[in-house]
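The values are calculated or read from the model by the stated rules, or taken from the named source; none is laboratory data. Keep in mind that this is a model prediction, so the values were computed, not measured. Positions of Cβ are generated from backbone atoms using ideal geometry, with glycine treated the same way; all protein chains shown enter the neighbour counts.
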Amino acid sequence: MTDALIQWFTTTLGGLLSEEVIVFIISMVPILELRGGLVAAKLMGIPLLTANALCIIGNIIPVPFILLFITPIFNWLKTTKPFRPMVEKLENKAMSKKDQIEKYEFWGLMLFVGIPLPGTGAWTGSLIASMLNMPFKKAFPATILGILMAAVIMDIVSYGLLGLFI
């Protein structure tokens, strides 16, 4: 699924925006985030340092907004009939992954965001941290460190291992 999303972004935006802007946007999008951005950057031939800067900044930008505003937004959306089922589904999916974060707090959130597995990342980690009422002063730095950790892992995968085949 992520390959299809990366392909859609690169194809749809390819003639309109620079490759760097496309990678930046991909890094801000849930599901794809930094991981998808780095894979796209490698496929587009963007140098590693440039790709890292674009993907890390792009992945960080949504985090404070999620941490500070997602709970009030979700609470408001749950008062509307059309959005209630969608919000409840998102909350249930996020909270099904809360154990690691709840148990280890800062370190759990950092690892949750930093280890690039399906269903993890800055968006989901920030959502869970917000729903667990983790203080911003703890959640934001943990998420940033997790993003940096994910960048190192994905650099190795995308520019190291993937580089052997591309």
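Couple of notes before you dig in:
- Against the criterion of being surrounded by fewer than 20 Cβ atoms within 10 Å (Cβ to Cβ), in contact (Cβ under 8 Å) with a residue 40 or more places away in the chain and not charged (D, E, K, R), Ile70 does not qualify.
- Condition met for Gly125 (under 14 Å from the mean Cα position of the chain (by Cα), assigned by TED's automatic domain parsing to the domain that holds Met95 and of a type in the set (Gly, Ala, Ser)): yes
- Matching entry among Ile73, Ile31 (being in a helix (DSSP H, G or I) and either among the aliphatic types (A, V, I, L, M) or under 16 Å from Ile147 (Cβ atoms) (or both)): Ile73
- Residues that are among the small types (Gly, Ala, Ser) and in contact (Cβ under 8 Å) with a residue 12 or more places away in the chain within the range 75-107 comprise just one, Ala94.
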